[in-house]
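Colleague: Pasting a structure here, questions to come.
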Amino acid sequence: MASQKKRYNELIRRMKDLPSLPEAVVAILDVLENPLSTARDLSEALHQDQSLAARILRIVNSAYYGFPREVDTLTKAVTILGYTSIRNLILVTKTFDMLHRGAGDKTLDWKLFWKHALACGVAAQTIAIRLRLGSAEEVLLAGLLHDIGKVILATHLHAEYVETVRHAREQGLLLFEAETELLGATHADFGRWLADAWNLPHNLAEAITYHHDPTQSKTFFVCASLVHVGDIMARTLELGNGGDDQMPAVNTQAWSALHLTPDLLEGMIEEFEGRFEKAQAFLPEEEIC
Amino acid sequence: MTGEAKAGLTERERELIQKVEKRFARHEGDQLMMALKEISIRYLLRRLKDEDG
């Protein structure tokens with residue numbers, strides 16, 4: 001255990017060149033944190049990052065939201081969706097932009113990887129809506145980002161991670177099992193480290209950290225459980241691939257706490273498929289599957 | 001899925017089921033995971049049929 005911790009700390013030290021959030025995004029988040037700021041202030045700050053502004057408008061006008069009229073300005077988007085939704089959209093969009101495809105890395109099939117992430121998010125969201133649990137939108141975003149630790153590992157500890165993925169495939173292991181063996185920590189640990197470094201909301205950070213063992217989440221157990229089961233559902237339906245070909249066990253405490261049954265889950269598939277189609281707008285255009 | 005049901009399957013369908021069984025093999029004996037395996041097989045067979053038109 002002590003040697004695993006040492007190995008993890010050593011790997012974290014080697015990741016100092018991790019990109020930080022761009023200044024424009026930090027400025028936008030500052031406006032969002034200011035209780036005196038207006039929708040116009042936020043809209044002006046958003047315009048400092050044109051690609052981000054365009055992405056936000058594309059998402060807001062997608063079938064996912066299904067607004068009857070086009071939302072043609074950021075001021076309107078902020079007024080309609082509210083600060084919290086816009087803040088989450090910015091964080092997720094920017095995280096995608098900075099991390100998607102692992103900057104050309106080929107350790108994992110990134111198209112399948114993001115498809116899995118989206119499927120996990122939509123599955124978690126579908127369960128949340130059906131069972132009336134938590135904020136459905138935040139659950140979707142948590143699912144979308146649950147595996148970001150894998151991107152960091154692939155891009156910033158490339159050689160070690162190539163070896164880890166190979167080890168998992170050869171030995172028939174789940175990736176987090178192979179990571180624990182070879183790296184002394186899992187993608188969930190590295191994801192937590194990134195979430196803290198980028199100041200992501202606590203519920204997202206907890207879902208990223210505990211999506212394989214939601215019972216460890218003290219504050220956001222329901223959100224972490226939804227993402228955990230969302231991951232299982234995405235794997236059951238084989239939508240995308242998170243990097244391994246094994247099924248993790250369902251955490252029975254999380255399953256029971258959500259009052260799920262196999263029949264109930266199967267009965268949600270049609271609803272899930274409709275949502276999955278509409279949620280494609282959350283992915284960068286080149287990753288749409 | 002019963003042996004009788006499996007007998008009427010195409011080669012591609014049998015391959016698909018084999019792949020799913022391999023993915024779930026580590027959970028043999030776990031009732032919940034076996035129920036999920038059956039969901040997986042039903043869904044993927046349906047998807048395969050849809051893809052084939």
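The values are calculated or read from the model by the stated rules, or taken from the named source; none is laboratory data. Remember, predicted model here, so these are calculated numbers, not experimental data. Every residue, glycine as well, gets a Cβ built from its backbone with ideal geometry; the counts of neighbours run over all protein chains shown.
Colleague: Every residue in the stretch A:53-76 that is assigned to a helix (DSSP H, G or I) and not basic (Lys, Arg), please.
Modeller: Within the stretch A:53-76, A:Ala53, A:Ala54, A:Ile56, A:Leu57, A:Ile59, A:Val60, A:Leu74, A:Thr75 meet the criteria.
Colleague: Sort out which residues of the stretch A:238-273 are without any contact (Cβ under 8 Å) to a residue 12 or more places away in the chain, outside any loop (DSSP other than H, G, I, E, B) and within 20 Å of the chain's Cα centre (by Cα), and write them in order of number.
Modeller: A:Glu273
Colleague: Show the residue pairs meeting these rules: Cβ distance below 6 Å; 6+ apart or different chains; first residue within the stretch A:123-144 and within 14 Å of A:Ala257 (Cα to Cα); second residue not in a helix (DSSP H, G or I).
Modeller: A:Ala128/A:Gly134
Residues checked against (1) touching a His at 6+ places or on another chain (Cβ under 6 Å); (2) buried (at least 19 other Cβ atoms within 10 Å of the Cβ); (3) of a type in the set (S, T, N, Q):
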{"site": "A:Glu138", "(1), (2), (3)": "no, yes, no"}
{"site": "A:Ala154", "(1), (2), (3)": "no, yes, no"}
{"site": "A:His158", "(1), (2), (3)": "no, no, no"}
{"site": "A:Glu163", "(1), (2), (3)": "no, no, no"}
{"site": "A:Leu174", "(1), (2), (3)": "no, yes, no"}
{"site": "A:Thr180", "(1), (2), (3)": "no, no, yes"}
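Colleague: For a quick check of your reading of the model, give me the residue pairs whose first member lies in the stretch A:153-166 and is within 12 Å of A:His187 (Cα to Cα), whose second is of a type in the set (Gly, Ala, Ser) and at pLDDT 90 or above, with beta-carbon atoms closer than 7 Å and at least 6 apart or on different chains.
Modeller: A:Thr164/A:Ala178; A:Val165/A:Gly243
Colleague: Which of the residues that make up the stretch A:11-50 are in a helix (DSSP H, G or I) and either loosely packed, with under 11 Cβ neighbours inside 10 Å or on the phi > 0 side of the Ramachandran plot (or both)?
Modeller: Across the stretch A:11-50, the qualifying residues are A:Arg13, A:Glu23, A:Glu33, A:Gln50.
Colleague: Follow-up question, since we're still on this one. Please state which one of A:Arg169, A:Arg192 is more than 14 Å from the chain's Cα centre (by Cα), assigned to a helix (DSSP H, G or I) and modelled with pLDDT under 95.
Modeller: The match here is A:Arg169.
Colleague: Further question on the same structure: Considering each residue of the stretch A:207-250, count those that are among the charged types (D, E, K, R), surrounded by fewer than 24 Cβ atoms within 10 Å (Cβ to Cβ) and under 30 Å from A:Leu29 (Cα atoms), and give that number.
Modeller: The number of residues fulfilling the criteria is 1.
Colleague: Let me ask you something else. Go through the stretch A:195-223 and count every residue that is in a helix (DSSP H, G or I), in contact (Cβ under 8 Å) with a residue 40 or more places away in the chain and either of a type in the set (S, T, N, Q) or under 30 Å from B:Arg46 (Cα atoms) (or both).
Modeller: Number satisfying all stated conditions: 1.
Colleague: Turning to a different aspect of this structure: Go through the stretch A:80-103 and give me each residue that's surrounded by fewer than 16 Cβ atoms within 10 Å (Cβ to Cβ), over 14 Å from A:Ile28 (Cβ atoms) and in contact with a helix residue (DSSP H, G or I) (Cβ under 9 Å, 6 or more places away or on another chain).
Modeller: Of everything in the stretch A:80-103, those that are surrounded by fewer than 16 Cβ atoms within 10 Å (Cβ to Cβ), over 14 Å from A:Ile28 (Cβ atoms) and in contact with a helix residue (DSSP H, G or I) (Cβ under 9 Å, 6 or more places away or on another chain) turn out to be A:Ile80, A:Ala103.
Colleague: Testing A:Asn34 on (1) in contact with a helix residue (DSSP H, G or I) (Cβ under 7 Å, 6 or more places away or on another chain); (2) polar (S, T, N, Q); (3) at pLDDT 85 or above, one condition comes back false. Which one is that?
Modeller: All conditions are met except number (1).
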